[in-house]
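The values are calculated or read from the model by the stated rules, or taken from the named source; none is laboratory data. On a predicted model such as this, the values are computed, not experimentally measured, just so you know. Note that we place each Cβ from the backbone using ideal geometry, even for glycine, and neighbour counts take in every protein chain shown.
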Amino acid sequence: MIKQVVIKNVRNVCRQLLIVISLLAGAFLVAVFIKSIGFPVVNAAVVYVLSVLLVARFTRGYFYGILASVLCMANYNFFFTQPYYSFNVYDKSDIITITVMLIASILTSTLTSTNTGKLLHASKLAEDRESQTNILYQITSSLAKASGVSDVAAVSVQCLSNLLDTDVLCIMSAEQNSSRSLFQARRGDRRIQISEVGNGQIEEYSSGKKVIPIGDPSNQYGVICIPVTASQKSREREKLVPAIIMQIQSAMDREKFSEEKKIVKIEMEHEKFRGNLLRAISHDLRTPLAGISGTAEVLMSNLKNEKDRDLAEGIFEETNWLTQMVENILSLTQIEDGHLVLRKQPEAIEEIVGEAVKHARKIAGQRKIILDIPEDVLLVSMDGKLILQVLINLIDNAIKHTQTDGIVQIKVYTDKNHVWFSITDNGSGIKAGDLPYLFDSFFVAQEAKGSSRSGIGLGLSIVRAIVQAHGGRVFAENDKGGGAVFRFYLPVKEIDSDER
C-alpha cells in the first residue's frame with residue numbers, strides 16, 4: 001500500500017516537472033524568434049513572465065511556479081543579456097530588469113496558484129456535492145419503487161454496493177427465534193442473493209465488517225454490514241451512508257405501516273361482513289322464534305297429556321333460549337358497529353325488574369326467585385329496554401348455574417349517587433381463573449362447555465357494554481355463603497318535573 005502511494009506521488013511530481021520544462025522550452029523558442037526578427041530583447045522577458053503564469057495555472061502548489069520564475073530569469077540572463085552564455089551582468093539596468101522580473105514572476109505565480117487552488121477546490125467540492133445529490137436521488141427513487149420491507153432490503157444492498165463498489169450485506173431482524181433473512185449484493189454483480197441464516201451464523205457474516213443498525217433499539221429492522229475499506233473514494237462516499245440508512249429506515253417504516261394498514265382494512269371488511277351477516281340472520285330468526293314460542297305456550301296451557309305438555313314446555317324453553325341468544329347477537333352487532341343508541345327516559349325500577357322476573361319465572365322451573373326492592377318508587381334515567389336485557393342476561397346466567405331447587409335472589413338498593421342491582425345464586429360459584437375473563441366476548445367457562453345451553457359467551461360482555469354506556473360499572477364475585485354475585489350500578493340524577 002505504501003509503495004503504491006510513493007509511486008503515485010513520484011508520477012505526479014514528474015508530470016508537474018514535465019509541464020514546467022515544456023512551457024519554459026516553448027518560452028525560450030518564442031524569445032529566440034523575437035530576438036531573431038529584430039524586436040528589443042526586453043520583449044523576451046514578457047514572454048518568460050507569461051510562461052510563469054502558465055506554469056502556475058497548469059501545476060499544483062507554489063513550488064513549481066517559484067521554480068519556473070527562477071529558471072526563467074536564469075535563462076533570460078544566460079541567453080539574452082550581455083555577456084551572452086554567462087550569468088555575469090555588465091549593464092546595471094539589466095540587474096534591475098532581472099530582479100523586478102523575478103519578483104513579479106514569483107508574486108504572479110503565487111497569486112495564480114492560490115486562485116487556481118481555490119477554484120479547483122471549489123470545483124471539486126461542487127462536483128462532489130452534485131455527485132452525492134445524484135446518488136441520494138437515485139437511491140431515493142429506487143427505494144420509492146420498492147414494495148414491501150424485503151424488497152426495500154434488496155434494493156438497499158444493491159444501491160450501497162454500487163455506491164461503495166464493494167460487497168454489502170443486510171441481515172433482517174427475526175421474529176422470536178426463527179431464522180433471519182440475509183440479502184447479499186456482491187461487487188459488480190446486479191443479482192441479489194437471498195438466503196436464510198440462523199442466529200449462530202450472524203457473527204460469521206458480520207465479522208470484520210462495519211455493522212450499521214437500521215432503526216432504533218425499540219424497532220430495529222436489521223443491520224447493514226459493510227467491509228472496512230481503505231479506498232479514498234469509498235471512504236469519501238461512506239460519509240453518505242448515515243443519510244442513506246435513514247432513507248432505508250423511512251422506506252421500511254412506510255412499507256410496514258402500509259402492510260399494517262392493509263391488514264387492518266381486511267379485518268375491518270371481515271368484521272363488517274360478519275356483523276351484517278349476524279344482523280341479517282338474527283332479524284330473520286326473530287319472527288319465527290316468536291311464533292314458535294307463542295304456539296308452545298298455548299300448547300302448554302291446552303294439552304292434557306302430561307308427556308305432550310312436557311314436550312311443549314321443552315319447545316318453549318329452548319325457543320326462549322334461542323330468542324335471548326338472537327337478542328344478544330343483535331346487541332353485539334350494534335355495540336361493535338358503534339350504533340348502540342341510548343334512548344334514556346325516567347323509568348320505574350320496579351317495572352323493569354318485574355318484567356325481568358316475569359321472564360325468569362317462565363324458565364326457572366322449580367328454582368325459587370326472591371325479589372327485594374325498596375318500597376319507595378325509584379325513577380332512574382335509563383334506556384329501559386337495554387337495562388331489561390341486562391337483567392334478563394344476568395338472571396338467566398344465575399338460573400343456568402343453579403341447581404333445579406336452587407335460589408336466585410334479586411336485590412335493588414341505593415346509596416347517595418347510585419342505584420345498585422344485585423343478582424345472587426347459590427350455585428357452584430365462579431372459578432378464580434375465570435373471573436378476569438367473565439365479561440370478555442365469546443368467553444365460556446370450562447365447566448359450561450359441552451352443555452346444550454352453554455351459549456357463545458356474549459351475554460356478560462353485552463351486559464358490561466350496556467352498563468358502561470349508562471355510566472355505570474358491573475362486578476362479579478363469589479358469595480361468601482356459596483354461589484356467585486353479579487352487581488352493577490347506574491348513576492342517579494334528579495328527575496325534573498317535566499320529565500316526570
>> Going residue by residue through segment 370-380, is there one that turns out to be at pLDDT 85 or above, assigned by TED's automatic domain parsing to the domain that holds Val467 and under 22 Å from Trp321 (Cβ atoms)?
In response: no
>> With the requirement that a residue be farther than 20 Å from Ser206 by Cβ and either under 20 Å from the mean Cα position of the chain (by Cα) or among the charged types (D, E, K, R) (or both), what does segment 153-164 give you?
In response: Val155
> Do you know which residues across segment 170-187 are in contact (Cβ under 8 Å) with a residue 12 or more places away in the chain and either more than 12 Å from Ile214 (Cβ to Cβ) or β-branched (Val, Ile, Thr) (or both)?
Replying inline: Ile171, Ala174, Asn177, Ser179, Arg180, Ser181, Leu182, Gln184, Ala185, Arg186, Arg187
> So which pairs qualify, if the first residue must be in segment 302-321 and closer than 24 Å to Ile392 by Cβ, the second must be of a type in the set (Ser, Thr, Tyr) and assigned to a helix (DSSP H, G or I), the Cβ gap must be under 6 Å, and the two must be at least 6 apart or on different chains?
Replying inline: Thr319/Ser293
> Within segment 472-493, can one find any residue that is of a type in the set (S, T, N, Q) and at pLDDT 85 or above?
Replying inline: yes
> Would you call Ala44 without any contact (Cβ under 8 Å) to a residue 40 or more places away in the chain and at negative phi?
Replying inline: yes
> Do you know which residues across segment 36-48 are over 21 Å from Val100 (Cα atoms) and part of a helix (DSSP H, G or I)?
Replying inline: Ser36
>> Restricting to segment 254-290, count the residues that are within 26 Å of Leu164 (Cα to Cα) and either among the polar types (S, T, N, Q) or crowded, with 16+ Cβ neighbours inside 10 Å (or both).
In response: 1
> Condition test on Val390, is it under 30 Å from Leu277 (Cα atoms) and loosely packed, with under 15 Cβ neighbours inside 10 Å?
Replying inline: no
> If you check Ile315, Ile369, Ile349, Ile363, which single one turns out to be surrounded by 12 or more Cβ atoms within 10 Å (Cβ to Cβ), over 50 Å from the mean Cα position of the chain (by Cα) and over 30 Å from Tyr413 (Cβ atoms)?
Replying inline: Ile315
>> For the structure I just gave you, tell me whether Leu169 is in a helix (DSSP H, G or I), buried (at least 16 other Cβ atoms within 10 Å of the Cβ) and modelled with pLDDT of 85 or more.
In response: no
> Among strands (runs of 3 or more DSSP E) lying entirely in segment 312-400, which contain 2 or more residues that are of a type in the set (Val, Ile, Thr)?
Replying inline: 368-372
>> Given the criterion over 30 Å from Leu125 (Cα atoms) and either at pLDDT below 80 or more than 17 Å from the chain's Cα centre (by Cα) (or both), identify the matching residue among Glu236, Glu203.
In response: Glu203
> What is the number of the single condition among (1) small (Gly, Ala, Ser); (2) out of contact with any Phe, Trp or Tyr (no Cβ under 8 Å at 6 or more places or on another chain); (3) more than 15 Å from Gly65 (Cα to Cα) that Ala31 does not meet?
Replying inline: (2)
> Among the residues of segment 180-193, which ones are surrounded by fewer than 13 Cβ atoms within 10 Å (Cβ to Cβ) and among the small types (Gly, Ala, Ser)?
Replying inline: Gly188
